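To start, the structure itself, in structure tokens.
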Amino acid sequence: MRCQPWRWALPWEVLLLLLGPQAQSYSWHLHEGSDCDEGSFIKHYFPATVEYALHMFNEKSKDTNAYRLVHILNSWREQIGYMLAFSMELLLRRTICGKLEEDIDNCPFQESADLNNTYTCFFTVSTEPWEGTFDLLHKKCLVGFH
């Protein structure tokens, strides 16, 4: 597989900016034999996968409020044939916005000392980002902090 910037990936560079230090604060593991550097994968493939995992969490949640990313705790990628698979551990927190609202990314977090407003979730997502396809392979969430 060749690494190259794909036109569709450019909006995800904005996500990297929005995530700020969170996007830089995780462990990233590359497998031997990769012909792409770490920065290319992070910049062009990983943000879209995180966004997909978060979208799937909100979509499947029975909660009427949306959750958004607080922190990327850990992540790594794997090559499965021609597809990529990203595994990630994310800290999510409940917002004051409904999950069908437009601007969830800028919605304030719910202020509460209750640990039930946070989840630590492990996701594995396979993707062909150059095709715009994602598939949630695994999701496990625990209530509270990591």
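Does THR120 qualify as being polar (S, T, N, Q), under 26 Å from HIS44 (Cα atoms) and at pLDDT 95 or above? Against the criterion (polar (S, T, N, Q), under 26 Å from HIS44 (Cα atoms) and at pLDDT 95 or above), THR120 qualifies. Could you look through the range 72-100, keep only residues that are within 19 Å of THR133 (Cβ to Cβ) and crowded, with 20+ Cβ neighbours inside 10 Å, and pick out the one that is nearest to the chain's Cα centre (by Cα)? So the residue we want is MET88. Filtered by the rule that a residue be within 17 Å of the chain's Cα centre (by Cα) and closer than 21 Å to CYS141 by Cα, the range 101-112 gives ILE104, ASP105. Restricting attention to the range 110-121, which residues are more than 16 Å from LYS62 (Cβ to Cβ) and loosely packed, with under 15 Cβ neighbours inside 10 Å? Passing the criteria: GLU111, SER112, ALA113, ASP114, LEU115. Can you tell me which residues in the range 105-145 are aromatic (Phe, Trp, Tyr), under 21 Å from MET83 (Cβ atoms) and assigned to a strand (DSSP E or B)? Within the range 105-145, PHE122, PHE123, PHE134 meet the criteria. Filtering ARG68, ARG77 for residues that are in a strand (DSSP E or B) and within 19 Å of CYS141 (Cβ to Cβ) leaves a single hit, ARG68.
The values are calculated or read from the model by the stated rules, or taken from the named source; none is laboratory data. Fair warning: this is a prediction, and the values are worked out from it, not measured in the lab. With ideal geometry, Cβ positions are generated from the backbone for all residues, glycine too; neighbour counts draw on all protein chains shown.
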